[in-house]
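S.K.: Quick one: the structure is below, and I'll ask about it shortly.
The values are calculated or read from the model by the stated rules, or taken from the named source; none is laboratory data. Fair warning: this is a prediction, and the values are worked out from it, not measured in the lab. When we count neighbours, we look across all protein chains shown, and the Cβ atoms used for this are built from the backbone with ideal geometry, even at glycine. Areas reflect the complete protein model, heavy atoms only, side chains present, ligands, DNA and RNA absent. Shrake-Rupley method; radii C 1.70, N 1.55, O 1.52, S 1.80 Å.
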Amino acid sequence: HKQTYELGCEASAAVDWASFFGVPIYESTFQFALPISDNPDIGFVGEVTTDAWGQVPPYAYGVHAGPIADVLVEFGLPALAVTELSLEEVKQNISEEKPIIAWVIGNMEYSEPVEYIDEEGRTAIVAPYEHVVIITGYSETHIRYMNNGKFFDTPVDVFLTSWRVLGNMAVIYD
């Protein structure tokens with residue numbers, strides 16, 4: 001489905017992913033179940049109903065895989081946040097009919113990762129225009145993903161360049 005909030009791609013993708021596995025969740029219910037933090041590895045950074053997309057913390061940003069997986073688990077799904085997932089592991093999951101929530105940049109673009117230190121001294125790697133899509137398929141040359149309820153095919157190397165910015169971060173069905 002099309003995401004409700006400009007800054008809410010993670011919740012939108014998470015509820016679509018949950019729905020695929022037979023667990024219906026309202027996007028707003030999921031969004032407001034996320035913890036709030038100034039560190040996206042800990043919770044949602046920003047105000048989802050009013051803030052704009054494309055910034056990095058401490059400004060509005062979004063959230064990384066850990067908090068998304070934690071809330072999915074609270075809704076009864078065997079979600080696991082991972083980094084450094086390989087292309088081979090992506091293909092294995094897809095061949096088992098397990099779509100993957102993946103952290104990329106924009107619409108498969110590149111932006112420079114930035115080290116951010118939160119108010120408590122914890123470090124997170126962030127990047128402008130962080131975005132989330134659902135990987136749904138692949139061929140030898142392309143990755144298929146869903147973004148805002150529409151499907152797209154992108155060359156594998158373009159996908160990998162965008163996905164590497166945040167360390168091949170993903171949520172998988174465990």
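S.K.: What list of ³J(HN,Hα) couplings, whole Hz, do you get for the stretch 166-174 from phi and the Karplus terms 6.51, -1.76, 1.60, once you set θ to phi - 60° and write x for glycine and proline?
M.R.: For the stretch 166-174, the Karplus curve yields 9, x, 6, 6, 7, 10, 10, 7, 9 Hz.
S.K.: Percent of Cα-Cα pairs per 10 Å bin, from 0 to the last occupied bin, for the stretch 63-143, please list those.
M.R.: 15, 42, 34, 9, 1
S.K.: Would you list the membrane-span-like helices of the chain, meaning whole DSSP H runs whose alpha-carbon atoms span at least 15 Å along their axis and whose mean Kyte-Doolittle value is at least 0.0?
M.R.: Length and hydropathy pass: 9-20.
S.K.: Probe radius 1.4 Å, ligands and nucleic acids ignored: give me the carbon and sulfur share of the accessible area of the stretch 40-164 as a rounded percent. Could you put the intermediate results ahead of the total?
M.R.: Numbers: 3030 of 6080 Å².
In the stretch 40-164, the share of accessible area belonging to carbon and sulfur is 50 percent.
S.K.: Sum -39500 (n - 2.57) across every DSSP H segment of at least 4 residues in the chain, then divide by the residue count to get the 222 nm mean residue ellipticity, nearest 500. Present the calculation step by step, with values, prior to reporting the outcome.
M.R.: Numbers: 5 runs with 45 residues, N = 174.
That calculation yields -7500 deg cm²/dmol at 222 nm.
S.K.: A further question follows. Suppose all protein chains stay in the model; what accessible area per residue would a 1.4 Å probe give for the chain, in Å²?
M.R.: Numbers: 8150 Å² over 174 residues.
I get 47 Å² per residue for this part.
S.K.: Based on the alpha-carbon set only, what is the convex hull volume of the chain divided per residue, in Å³? Write down the numbers at each step before the final one.
M.R.: Working: hull volume 16.7 nm³, N = 174.
Residue-normalised Cα hull volume stands at 96 Å³.
S.K.: Also: Over the stretch 68-151, what is the mean sequence separation of C-alpha contacts under 8 Å (at least six apart), divided by residue count, expressed as relative contact order in percent?
M.R.: Details: 98 pairs, mean separation 19.0, N = 84.
Once divided by the residue count of the stretch 68-151, the mean separation gives 23 percent.
S.K.: Let me ask you something else. Loop sites only, by DSSP: take the trypsin sites (Lys or Arg not before Pro) in the chain that have at most 16 other C-beta atoms within 10 Å and name the longest stretch containing none of them. If you can, show how the numbers build up before the last one.
M.R.: Details: sites that count: Lys2, Arg122.
Of all site-free stretches, the longest is 3-121.
S.K.: Something else: Among Gln31, Gln92, Gln55, whose mean-square fluctuation peaks in a Gaussian network model of the chain (Cα, cutoff 10 Å)?
M.R.: Gln92
S.K.: Quick query: amide H of Thr136 versus all other amide H atoms, modeled in the peptide plane; which residues come in under 5 Å with a sequence gap of 5 or more or a different chain?
M.R.: Close amide H contacts, sequence-distant or interchain: Arg144, Tyr145, Met146.
S.K.: Still on this structure, I have one more. Would you work out which of His64, Val90, Gly43 lies farthest towards the positive end of the dipole of the chain, given +1 charges on the beta-carbon of Lys and Arg and -1 on that of Asp and Glu, about the Cα centre?
M.R.: Of His64, Val90, Gly43, it is Val90.
S.K.: Note the per residue figure in Å³ for the convex hull of the C-alpha positions in the stretch 98-174.
M.R.: 102 Å³
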